[in-house]
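Enquirer: Sharing a structure with you now.
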Amino acid sequence: MLKNTGDTWGVVARTFHWVFAVIIFVQLVLGKVAEEARMSPQKLDLFVWHKSIGVTILLLLTFRIVWRLINTPPETVAGIARWEHWAARVGHILLYGLMIAVPISGWWVSDTSRIPFEAFWLLPVPDLLEANRDVSQVAETVHGILTKTLLVLIVVHIVAALRHHFILGNDTLRRMLPFRY
């Protein structure tokens, strides 16, 4: 099943979910390693990878959002409290918002620092803003705060999924697994 059904997520939605889980994890680790590395050609390469993956996330997210809009999500698992259903909806909206805002804020950092950047050393990424060290520092702070917020929200998302599976014993997690159970 490519599309979602009333009971479960389709292959496309599950693939998007797990691909994003992996690339965001890689992105978080790569950003931290690049940030803490001493200045060297390897550090610059790490940042090119980090920025390139950020651009990729933005592009893939466009397809993910379109798919989500044209493909109705499954019904909420039976027995879920109304407040929990709404908390999950708000959480997902925040996750999507942060998956957009974090790479855009990274682009803002890159643009205002005026360090030339080509995604994967091949595709020039346009500069949209003026070089400005003060603005770049603000952008770095915003990028850091948004990234930490995304990380907290991901942890809450994982804990909620595990709670549904191990404590509540419902199918919330099972129907998003990349393999069929």
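Enquirer: So between Glu36 and Thr72, what do we pick up on full extension, going 0.36 nm a residue minus the alpha carbon distance?
Expert: The span from Glu36 to Thr72 would gain 8.7 nm if fully extended.
Enquirer: OK, next. Just grab the label-to-label distance for Leu94 and Leu177, each label 7 Å out from Cα along the Cβ direction, in nm (one decimal).
Expert: Label at Leu94, label at Leu177, 2.8 nm between them.
Enquirer: Next question, about the same structure. Calculated from DSSP H runs of 4 or more alone, at -39500 (n - 2.57) each and per residue, what is the 222 nm mean residue ellipticity of the chain, nearest 500? Let's see the in-between values first.
Expert: Working: 4 runs with 118 residues, N = 181.
After summing the helix terms and dividing by the residues of the chain, the value is -23500 deg cm²/dmol.
Enquirer: Turning to a different aspect of this structure: For a quick check: with amide H placed at 1.01 Å from N, whose amide H comes under 5 Å from Ala119's, ignoring anything fewer than 5 positions away on the same chain?
Expert: The answer is Val125.
Enquirer: To continue, here is another question. Note down the Stokes-Einstein diffusion coefficient of the range 135-181 in µm²/s, whole number, using a Kirkwood radius over alpha carbon pairs, 20 °C, and 1.002 mPa s.
Expert: D, rounded to a whole number, is 169 µm²/s.
Enquirer: Sort all Cα-Cα distances of the range 99-181 into consecutive 5 angstrom bins from zero, then give the percent of pairs in each bin up to the one containing the longest distance.
Expert: All Cα pairs considered, the percentages come to 3, 14, 15, 14, 12, 9, 10, 9, 8, 5, 1.
Enquirer: From zero outward in steps of 10 Å, how is the percent of C-alpha pairs of the range 43-139 spread across the bins?
Expert: 14, 35, 26, 16, 9, 0
Enquirer: Quick check for you: with a 1.4 Å probe and neighbouring chains kept, what is the accessible area per residue of the chain, in Å²?
Expert: Ligands and nucleic acids excluded, the result is 64 Å² per residue.
Enquirer: How much length, in nm to one decimal, is gained on full extension between Ile80 and Val138, taken as 0.36 nm per residue of separation minus their Cα-Cα distance?
Expert: 16.8 nm
Enquirer: Show me the GluC sites (Glu not before Pro) within the range 2-75 that DSSP assigns to loop and that have at most 14 other Cβ atoms within 10 Å of their Cβ.
Expert: Glu75
Enquirer: Please work out the Cα convex hull volume for the chain and give it in Å³ per residue.
Expert: Working: hull volume 24.9 nm³, N = 181.
Taking only Cα atoms, the chain has a hull volume of 137 Å³ per residue.
The values are calculated or read from the model by the stated rules, or taken from the named source; none is laboratory data. None of these values were measured; they are calculated from a predicted model. Virtual Cβ from ideal backbone geometry, glycine too; neighbours counted across all protein chains shown. Surface accessibility is based on the protein's heavy atoms, side chains included, excluding ligands, DNA and RNA. Shrake-Rupley method; radii C 1.70, N 1.55, O 1.52, S 1.80 Å.
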